[in-house]
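The values are calculated or read from the model by the stated rules, or taken from the named source; none is laboratory data. Remember, it's a predicted structure, so these values are computed and weren't measured experimentally. Note: ideal-geometry Cβ built from the backbone for every residue, glycine included; neighbour counts use all protein chains shown.
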């Protein structure tokens, strides 16, 4: 099964259907506020995926969860509330656009379960016998918590709705952020298909202006969702914690890990860093040769 991409896809669909069932069961069994029950369901589904990853020997079974969970949780929550208005519909569209784009990118790059994300392999080599704990808490539970925190503004907004000019700016930021990611994905895939060498660095399109435009889009997406909420409920400003933690995760974990790896095999990487900003597409004065 691991060596077959089609069978790996089928396996993933079955596993995620079971994870959904586990999450729904946990939601129905746990008492407390609706947010506590949603979080318990989210964690239960994550734990199920972790248990699946152990005999599979591959933590990448979790990879689609980051993008699939929000586009499952929010519609279910909206249907439960029964609140359908222009604001809630547009927000659902924004999150669906984000989730479908990210899931499609995962599917495009997915090779089967005989491969694993390089970061997980690196962590396994570095942590040894502690890797099962690293996989559970670092690879799976930590991202689940971050995404749930990012979702809290959306969950609250769906209760109230409402649109003003700040709300519209938030929606525009969400849509622009995901579109940036979509463009970055297509340009990177095209470059990888056409590039004769793995050591070459993409320096065209949006990648000419920033080293991580896809990460920039991910960061801006959740600040956009937060802006949508505070536009109608400024008293809930503390829910920006999710977008903040998400930003810090990319700045201090994801980007440094990616750049440390690229520095090892990308030609002219040091010069690329000097000439191209990390996230914001701000021009950097280039050194004269």
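Just one of the numbered conditions (1) touching a helix residue (DSSP H, G or I) at 6+ places or on another chain (Cβ under 8 Å); (2) under 29 Å from residue 195 (Cβ atoms) is not true of residue 268: (1).
Within the range 238-265, the set of residues being in contact (Cβ under 8 Å) with a residue 60 or more places away in the chain and over 20 Å from residue 197 (Cβ atoms) comprises 239, 240, 241, 242, 243, 245, 246, 249, 257. The residue list 126, 186 contains one member that is surrounded by fewer than 19 Cβ atoms within 10 Å (Cβ to Cβ), under 19 Å from the mean Cα position of the chain (by Cα) and within 30 Å of residue 268 (Cα to Cα), which is 186. Annotation: residue 83 fulfils all but one of (1) more than 22 Å from the chain's Cα centre (by Cα); (2) part of a helix (DSSP H, G or I); (3) touching a residue at least 60 places away in the same chain (Cβ under 8 Å); the unmet one is (2). Taking the range 54-80 as the range and being surrounded by fewer than 18 Cβ atoms within 10 Å (Cβ to Cβ) and not in a helix (DSSP H, G or I) as the test, only 57 passes.
Please state which one of 146, 178, 134 is under 20 Å from residue 239 (Cα atoms) and assigned to a helix (DSSP H, G or I).
Unique residue meeting the criteria: 146.
Scanning the range 28-43 for residues that are at pLDDT 95 or above and either more than 21 Å from the chain's Cα centre (by Cα) or surrounded by fewer than 20 Cβ atoms within 10 Å (Cβ to Cβ) (or both) yields a count of 2.
Answer yes if at least one residue in the range 44-53 is more than 30 Å from residue 236 (Cα to Cα), at pLDDT below 95 and surrounded by fewer than 15 Cβ atoms within 10 Å (Cβ to Cβ), and no otherwise. Checked against the condition, which is being more than 30 Å from residue 236 (Cα to Cα), at pLDDT below 95 and surrounded by fewer than 15 Cβ atoms within 10 Å (Cβ to Cβ), the range 44-53 yields no hits at all.
Residue by residue through the range 54-66, note down the ones that are at positive phi and either modelled with pLDDT of 95 or more or in contact with a helix residue (DSSP H, G or I) (Cβ under 8 Å, 6 or more places away or on another chain) (or both). If the condition is that a residue be at positive phi and either modelled with pLDDT of 95 or more or in contact with a helix residue (DSSP H, G or I) (Cβ under 8 Å, 6 or more places away or on another chain) (or both), then no residue fits.
Residue check: is residue 190 free of Cβ contacts under 8 Å to residues at least 12 places away in the same chain, within 19 Å of residue 102 (Cβ to Cβ) and out of contact with any helix residue (DSSP H, G or I) (no Cβ under 7 Å at 6 or more places or on another chain)?
Here the answer is yes, as residue 190 does meet what is asked.
Just wondering, is there one or more residues in the range 197-214 that are under 26 Å from residue 87 (Cβ atoms) and part of a helix (DSSP H, G or I)?
No; the residues of the range 197-214 include none that is under 26 Å from residue 87 (Cβ atoms) and part of a helix (DSSP H, G or I).
Scanning the range 113-135 for residues that are farther than 17 Å from residue 51 by Cα, without any contact (Cβ under 8 Å) to a residue 24 or more places away in the chain and touching a helix residue (DSSP H, G or I) at 6+ places or on another chain (Cβ under 6 Å) gives 123, 127. When 48, 9 are checked against the criterion of being assigned to a helix (DSSP H, G or I) and either within 25 Å of residue 231 (Cβ to Cβ) or in contact (Cβ under 8 Å) with a residue 40 or more places away in the chain (or both), 9 stands alone in meeting it. Within the range 221-238, the presence of a residue that is outside any helix (DSSP H, G or I) and at pLDDT below 95 is excluded. Of the candidates 280, 244, the single residue that is at pLDDT below 90 and either farther than 20 Å from residue 176 by Cβ or out of contact with any strand residue (DSSP E or B) (no Cβ under 7 Å at 6 or more places or on another chain) (or both) is 280. There is no residue in the range 77-97 that is modelled with pLDDT of 95 or more and over 24 Å from residue 152 (Cα atoms).
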